[in-house]
Structures are given as structure tokens and as C-alpha cells.
Amino acid sequence: MARGSDRRLETLDPGSPVSSESRLLTDRLRMARIRPEQLLTVSAAAECVGCCEETIRRAYLARQLEVLRFGARRVRIRPSALFAWLERGGKTTAA
């Protein structure tokens with residue numbers, strides 16, 4: 001019996017890489033449940049990056065910016081998609 005409990009202690013050892021990876025995954029899952037990513041409207045996204053709404057519309061119509069569609073006309077944007085678009089070179093100022 002002592003042998004089985006020793007194995008359990010080894011897997012729960014904070015220094016082992018397997019337990020730290022599993023803890024990291026568990027923490028990420030817990031954070032995903034607690035804080036879902038807020039969706040932005042076109043006007044909120046434009047305000048967030050400092051450009052006009054038409055710039056955001058042009059970007060998602062050109063398929064440069066990933067959006068979520070709700071129905072025929074409603075569009076929402078994840079902040080992570082907005083910042084990914086900017087990192088890929090999304091233009092927010094006049095050329």
C-alpha cells in the first residue's frame with residue numbers, strides 16, 4: 001500500500017514537469033470559464049483601435065479581420081481577432 005501512495009505523491013510533486021503542465025492547463029480552462037472574451041461591435045472595435053467604423057468594415061469584408069456573424073447584418077468582433085489583425089499589418093491611418 002505504501003508503494004501506491006508513493007506514486008500518487010510523485011505525480012503531485014510541484015517540481016515535476018507533468019504536474020506543472022496539467023496545472024497550467026487546468027488554470028487556463030478555469031480562466032476560460034470565468035472570463036469569457038467580450039465581443040465588440042464595429043463601433044466599439046473602431047474606438048478601441050482609433051479608426052473609423054468604415055475601416056473595420058472594409059477589413060472584415062476583405063476577409064482580413066475575423067468576425068462572428070449573427071444573422072444577415074449583425075457582426076461582432078473578438079478583441080483577440082482585432083489585435084491579431086493589427087499585428088498582421090492592419091491599417092488604421094490614412095496611407
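Taken together, the values in this text are just the output of simple stated rules run on the coordinates, not laboratory data. Only a predicted model underlies this, so the values are computations on that prediction, with no experimental measurement involved. Cβ atoms come from the backbone with ideal geometry, glycine included; neighbour counts cover every protein chain shown.
With the cut-off at 1.5 for a/c, could you classify region 36-93 from its C-alpha gyration tensor as rounded, prolate or oblate?
Cα axes put region 36-93 in the rounded bin.
In whole Hz, what ³J(HN,Hα) sequence does region 36-43 give by Karplus (6.51, -1.76, 1.60; θ = phi - 60°), x for Gly and Pro?
With the stated coefficients, region 36-43 comes to x, 6, 6, 8, 10, 7, 4, 5 Hz.
Name the long-range amide H neighbours of residue 75: under 5 Å, sequence gap of 5 or more, or other chain; modelled H, no Pro or chain starts.
So residue 75 has HN proximity to 70.
What distance in nm separates the two pseudo spin-label positions at residue 62 and residue 41, each 7 Å out from Cα along the beta-carbon direction?
With each label point 7 Å from Cα toward Cβ, the separation is 2.5 nm.
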